[in-house]
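Here's the structure we're looking at; comments come further down.
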Amino acid sequence: MRNIFLIVLGFLALGAIGGGGVLIISPAGELIGMPLSALKNSPFNSFLIPGIILFSVLGLIPLLLIIALLKKPESKLAEQINLFKDMHWSWTFSIYIAFTLIGWIQIQMVFLQSVHWLHTFYMFYAVAIIIIALLPQIRILYKK
């Protein structure tokens, strides 16, 4: 079950790194076929800043979380914001990243003022990350 957990986080990381990378390389949206007019209700003039956020927050952080879930390193800083003191911080941060994904999708739908099937997919994907993290066999692995 741990492997499934890591794969799910890995898929999120790779998708966000790929999507964010494309937005960084092509901030006018031409590579993804998205016109800049889609941003008219957002505070952004291009896809550059959203691409950087996607790449780093939903791409690099889950990638680093996979390493942390495998190695279980100590981190005083991470422990300070770990709401589940009985669990390793990397487990808690996997829950945080799922809620971050939900927030990211919600903000996208507000700014774009539309819903695409991918929004629904990633909402369910975030819920799946939370459900997998809460499975007893996963919780046992990361209990302090």
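The values are calculated or read from the model by the stated rules, or taken from the named source; none is laboratory data. The shown structure was predicted, so the numbers you read here are calculated from the model rather than taken from an experiment. Every residue, glycine among them, receives a Cβ derived from its backbone with ideal geometry; neighbour counts consider all protein chains shown. For accessibility, only protein heavy atoms count, side chains too; no ligands or nucleic acids. Shrake-Rupley method; radii C 1.70, N 1.55, O 1.52, S 1.80 Å.
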**Request:** Determine if the stretch 103-119 includes at least one residue that is buried (at least 16 other Cβ atoms within 10 Å of the Cβ), in a helix (DSSP H, G or I) and over 18 Å from the mean Cα position of the chain (by Cα).
**Result:** yes
**Request:** Collect the residues in the stretch 91-124 that are farther than 16 Å from residue 1 by Cα and among the hydroxyl-bearing types (Ser, Thr, Tyr), keeping them in residue-number order.
**Result:** 92, 96, 100, 114, 120, 122
**Request:** Write out, first by first residue and then by second, each pair whose Cβ atoms fall under 6 Å of each other, whose residues are 6+ apart or on separate chains, and whose first residue, in the stretch 66-95, is in contact (Cβ under 8 Å) with a residue 24 or more places away in the chain and on the phi < 0 side of the Ramachandran plot while the second is of a type in the set (S, T, N, Q) and part of a helix (DSSP H, G or I).
**Result:** 68/90; 69/90
**Request:** Among the numbered conditions (1) open to solvent by 70 Å² or more (accessible area, probe 1.4 Å); (2) assigned to a helix (DSSP H, G or I); (3) among the hydrophobic types (A, V, I, L, M, F, W, C); (4) in contact with a Ser or Thr (Cβ under 9 Å, 6 or more places away or on another chain), tell me where residue 38 comes up short.
**Result:** (1)
**Asked** Between a first residue in the stretch 24-37 that is modelled with pLDDT of 95 or more and a second residue that is of a type in the set (Phe, Trp, Tyr) and open to solvent by less than 60 Å² (accessible area, probe 1.4 Å), which pairs have beta carbons less than 7 Å apart while being 6 or more apart in sequence or on different chains?
**Response** 27/47
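How many of the residues in the stretch 54-95 are assigned to a helix (DSSP H, G or I) and open to solvent by less than 60 Å² (accessible area, probe 1.4 Å)?
19
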